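Let me begin by presenting the structure, written as C-alpha cells, before commenting on it.
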Amino acid sequence: MVKVPNNIREAFEAQRVIPMATVNGDGVPNVIYVGVWWWEDDETLCVVNNYLNKTLTNIRENSRVSFVCYGNGSYQIKCVAEEATAGPLYEKARELATKRDRPLPGKSAIVCKVSEIYQSSGGKGAGDRIA
C-alpha cells in the first residue's frame, strides 16, 4: 500500500465531503458524496456505510474505489476496499454514525487501502502519478 503524505491528507480533511467512485463488474461507474469518513492511518481511509446501495454492491463485485479532493490542491487516490462488519473499525464507524444530533445507521465500515495517488490539479503535472 501507499503512504499518503500529510499535505494530501490535510487537503482531503479540509473538504470534509468527498466524492467516492466505484465501478460494478460490468464496468458501469457510480459516484457518490460521502460525509462520514476518517483517516485511520497514513494509508487507510475509512467510510461509514450509512446508505450505501450501489456503492456497496460495486465494492463487493470490484473492490476498487477512488476519491478526489479539490481544496488545498487537488488529488485523487485509488484504493482497494473491503467492508468491515465487526472489529475496531466497525465499532468506530458505528460510534461516528450514531453519536450525532441526527443519528445515522452506521451499518458497516468501508476500509480503503490507498494503492495510488495522482495530481489532479490543472496545468503542469496534471494527471501525474505521485505515488
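The values are calculated or read from the model by the stated rules, or taken from the named source; none is laboratory data. These figures come from a predicted structure and were not determined experimentally. Don't worry about glycine lacking a Cβ; one is built from the backbone with ideal geometry, like all the others, and counts go over all protein chains shown. Only protein heavy atoms, including side chains, enter the accessible area calculation; ligands, DNA and RNA are left aside. Shrake-Rupley method; radii C 1.70, N 1.55, O 1.52, S 1.80 Å.
Applying the set (1) touching an Asp or Glu at 6+ places or on another chain (Cβ under 8 Å); (2) at pLDDT 95 or above; (3) open to solvent by 80 Å² or more (accessible area, probe 1.4 Å) to Tyr33 leaves exactly one unmet item: (1). Against the condition open to solvent by 30 Å² or more (accessible area, probe 1.4 Å) and either without any contact (Cβ under 8 Å) to a residue 40 or more places away in the chain or on the phi < 0 side of the Ramachandran plot (or both), how does Val48 come out, does it pass? Answer is no for this residue.
Candidates are the residues of segment 6-21 that are of a type outside the set (A, V, I, L, M) and in contact (Cβ under 8 Å) with a residue 40 or more places away in the chain; the one that is least open to solvent (accessible area, probe 1.4 Å) is Phe12.
Tallying residues that are aliphatic (A, V, I, L, M), under 17 Å from Ala97 (Cα atoms) and either assigned to a loop (DSSP other than H, G, I, E, B) or over 11 Å from the mean Cα position of the chain (by Cα) (or both) within segment 1-40 yields 2. Filter segment 51-66 down to the residues that are of a type outside the set (Ser, Thr, Tyr) and in a helix (DSSP H, G or I), then identify the one that is surrounded by the most Cβ atoms within 10 Å (Cβ to Cβ). Within segment 51-66, the match that is surrounded by the most Cβ atoms within 10 Å (Cβ to Cβ) is Ile59.
For residues that are in contact with a helix residue (DSSP H, G or I) (Cβ under 6 Å, 6 or more places away or on another chain) and of a type outside the set (A, V, I, L, M), tally how many sit in segment 76-107.
Looking only at that region, the number is 1.
For Pro105, state whether it is closer than 28 Å to Val28 by Cβ and at pLDDT 95 or above. In short, yes.
Quick check: is even one residue across segment 79-96 buried (at least 17 other Cβ atoms within 10 Å of the Cβ), touching a residue at least 60 places away in the same chain (Cβ under 8 Å) and not in a strand (DSSP E or B)? Scanning segment 79-96, I find at least one residue that is buried (at least 17 other Cβ atoms within 10 Å of the Cβ), touching a residue at least 60 places away in the same chain (Cβ under 8 Å) and not in a strand (DSSP E or B), so the answer is yes.
Among the residues of segment 22-45, those that are among the β-branched types (Val, Ile, Thr) and free of Cβ contacts under 8 Å to residues at least 40 places away in the same chain comprise Val28, Val31, Ile32, Val34.
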